[in-house]
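Contents: one structure, followed by commentary.
The values are calculated or read from the model by the stated rules, or taken from the named source; none is laboratory data. Predicted model, so just to flag it, every value in this text is computed and none were measured. No Cβ is skipped: glycine too gets one built from the backbone with ideal geometry, and neighbour counts run over all protein chains shown.
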Amino acid sequence: MFRVFRLSRHLHSPPAIVTPNIGATRARPLSLQRTKMSVTEVKSESAPTASPDRLAIVNAWKQARLARLNHDDGWLTLCGLDFLQVGDNTVGSDDKCNVRLPASCPANAGKLILSADESVRLVPESGVSFVAGGTTVPPSGTDLKTDAKGPATVVQVPNTLGGASHVSFFIIKRDTKIGVRMKDKKNPVYTGFTGLEYFPVSDEWVIPAVYKPHPTGGKVLPTVNMYGLSDPQQSPGFLEFQVGGKTYTLDVVDEDGEPDRFFILFKDQTCGKESYGMRYMYTARPAPGTNTVTIDFNQAYSPPCCFTPYATCAIPPKQNHLPFRVTAGEKMYGAHRH
């Protein structure tokens, strides 16, 4: 999916978005000291502007959204991202390591060897016991799968402070770069998560739209991600709809594993103020033999980069910047509010 486009990392960059460096110095994780919220609690403003059926639909979506986000393998556990150089890359919690792990991990845990063909091999330091894909890594090392062509190999890192391992990492490919993404079940962003806030649910923001294929049969949106790397999106068409008597369009994206839904990246005039600097949502595809869909802006949500600087979120293309306020869906979270 990732092709090479030499685009500036600041192209269409939304406000209030953390943009970490790609080099050896990694941006520090967020640290939010708040009380953990259970998945049964969803903070939301209430207003009698939606039908009971719409309220039920949106509330069920909120519960599912919160459960995914608040899972011990979800985005809130993301605690680091370092990109590899060809050759040996040291791994550990020591400040001098190329790939910096949390303090609970061995100071010098081993090395990741990146070859010119983008293959990656993990070789543990003597006495360090990694578990990769459920199997203990032998002293000679093991090859790791990246996420370029399917699920990546997940590596569990031993806990030197005692107790079960709570840190893991896996290899990702973004554009021409190979990176190491780390997760920690004790990440302060996860343990301090306070829940989500929403605009009032409103029938006003449930809008009929017409799906129209692109004249060429599809196009590639040359989007970039939060690290300034090319992240092109396959777009089969666009949605045409009206707000306040004026017609607008949003290009939709074909996303892997979503045969029944379109993915949409967009911005509106609440972004960077009441909501995060960009917003995501899904819509159902048209039923066979029709070209109509319903856009429910009540189900607009913040991308992962709202919660962590280590997510490689795609930035909405300019044509998906709406010139009005969408007072629906998820609001700004915690430390990003301004």
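Based on what the data block shows, is Asp260 more than 30 Å from Ser165 (Cβ to Cβ), surrounded by 14 or more Cβ atoms within 10 Å (Cβ to Cβ) and among the acidic types (Asp, Glu)?
Considered against the rule, which asks whether it is more than 30 Å from Ser165 (Cβ to Cβ), surrounded by 14 or more Cβ atoms within 10 Å (Cβ to Cβ) and among the acidic types (Asp, Glu), Asp260 comes out as no.
For Met281, work out the one condition from (1) hydrophobic (A, V, I, L, M, F, W, C); (2) under 21 Å from Lys331 (Cβ atoms); (3) surrounded by 21 or more Cβ atoms within 10 Å (Cβ to Cβ); (4) over 18 Å from the mean Cα position of the chain (by Cα) it doesn't fulfil.
(4)
So Ala209 clears everything in (1) at pLDDT 95 or above; (2) outside the structural domain of Thr294 (by TED's automatic domain parsing) except one condition, right? Which one?
(2)
Scan the range 131-146 for residues that are surrounded by fewer than 17 Cβ atoms within 10 Å (Cβ to Cβ) and either in contact (Cβ under 8 Å) with a residue 24 or more places away in the chain or touching a Phe, Trp or Tyr at 6+ places or on another chain (Cβ under 8 Å) (or both) and jot them down. Before you say what the answer is, go through the steps one by one.
Going residue by residue through the range 131-146, those that are surrounded by fewer than 17 Cβ atoms within 10 Å (Cβ to Cβ) are 131, 133-136, 138-140, 143.
Result: Val131, Thr136, Asp143.
Which of (1) outside any loop (DSSP other than H, G, I, E, B); (2) not assigned by TED's automatic domain parsing to the domain that holds Tyr282 is the odd one out, the single condition Pro139 does not satisfy?
Status for Pro139: all satisfied but (1).
Can you confirm whether the range 189-211 contains a residue that is closer than 30 Å to Ser115 by Cα, out of contact with any Cys (no Cβ under 6 Å at 6 or more places or on another chain) and surrounded by 21 or more Cβ atoms within 10 Å (Cβ to Cβ)?
Quick first cut of the range 189-211, residues closer than 30 Å to Ser115 by Cα only: none.
No, every residue in the range 189-211 fails to be closer than 30 Å to Ser115 by Cα, out of contact with any Cys (no Cβ under 6 Å at 6 or more places or on another chain) and surrounded by 21 or more Cβ atoms within 10 Å (Cβ to Cβ).
Since Thr223 meets every condition but one in (1) without any contact (Cβ under 8 Å) to a residue 40 or more places away in the chain; (2) closer than 30 Å to Gly245 by Cα; (3) surrounded by 15 or more Cβ atoms within 10 Å (Cβ to Cβ), which condition does it not meet?
Answer for Thr223: the failing condition is (1).
Read through the list (1) without any contact (Cβ under 8 Å) to a residue 60 or more places away in the chain; (2) over 18 Å from Asp73 (Cβ atoms), then give the number of the only condition that Ile178 fails.
(1)
Looking at (1) surrounded by 16 or more Cβ atoms within 10 Å (Cβ to Cβ); (2) at pLDDT below 95, find the lone condition where Val58 falls short.
Status for Val58: all satisfied but (2).
Given the conditions (1) more than 21 Å from Tyr276 (Cβ to Cβ); (2) of a type in the set (A, V, I, L, M, F, W, C); (3) buried (at least 17 other Cβ atoms within 10 Å of the Cβ), and given that Leu250 satisfies all but one, which numbered condition is not satisfied?
Looking at each condition in turn, Leu250 falls short on (1).
Scan the range 313-330 residue by residue and report those that are in a loop (DSSP other than H, G, I, E, B) and surrounded by fewer than 21 Cβ atoms within 10 Å (Cβ to Cβ). Step through it out loud before you land on a result.
The initial filter retains those residues of the range 313-330 that are in a loop (DSSP other than H, G, I, E, B), namely 313, 315-317, 322-329.
Selection gives Leu322, Pro323, Phe324, Arg325, Thr327.
Which ones in the range 150-192 are farther than 24 Å from Leu69 by Cα and among the charged types (D, E, K, R)?
Of the residues in the range 150-192, the ones farther than 24 Å from Leu69 by Cα are 158-163, 175-178.
Asp175, Lys177 - these are the residues of the range 150-192 that are farther than 24 Å from Leu69 by Cα and among the charged types (D, E, K, R).
How many residues does the range 269-284 contain that are charged (D, E, K, R) and touching a strand residue (DSSP E or B) at 6+ places or on another chain (Cβ under 7 Å)?
The total comes to 1.
Output the residues belonging to the range 142-180 that are in contact with a Pro (Cβ under 8 Å, 6 or more places away or on another chain) and either at pLDDT below 95 or assigned to a loop (DSSP other than H, G, I, E, B) (or both). Explain how you work it out, then say what you get.
Filtering the range 142-180 down to residues in contact with a Pro (Cβ under 8 Å, 6 or more places away or on another chain) leaves 145, 157-158, 160, 165, 167.
Correct list: Lys145, Pro158, Thr160, Ser165.
Give the range 101-117 a look and list any residue that's closer than 16 Å to Pro188 by Cβ and either over 27 Å from the mean Cα position of the chain (by Cα) or among the small types (Gly, Ala, Ser) (or both), or say none.
Those that are closer than 16 Å to Pro188 by Cβ and either over 27 Å from the mean Cα position of the chain (by Cα) or among the small types (Gly, Ala, Ser) (or both): Ala103, Ser104.
Go through the range 243-261 and report how many residues are more than 19 Å from the chain's Cα centre (by Cα), within 19 Å of Ala284 (Cβ to Cβ) and free of Cβ contacts under 8 Å to residues at least 40 places away in the same chain.
Residues meeting the conditions: 2.
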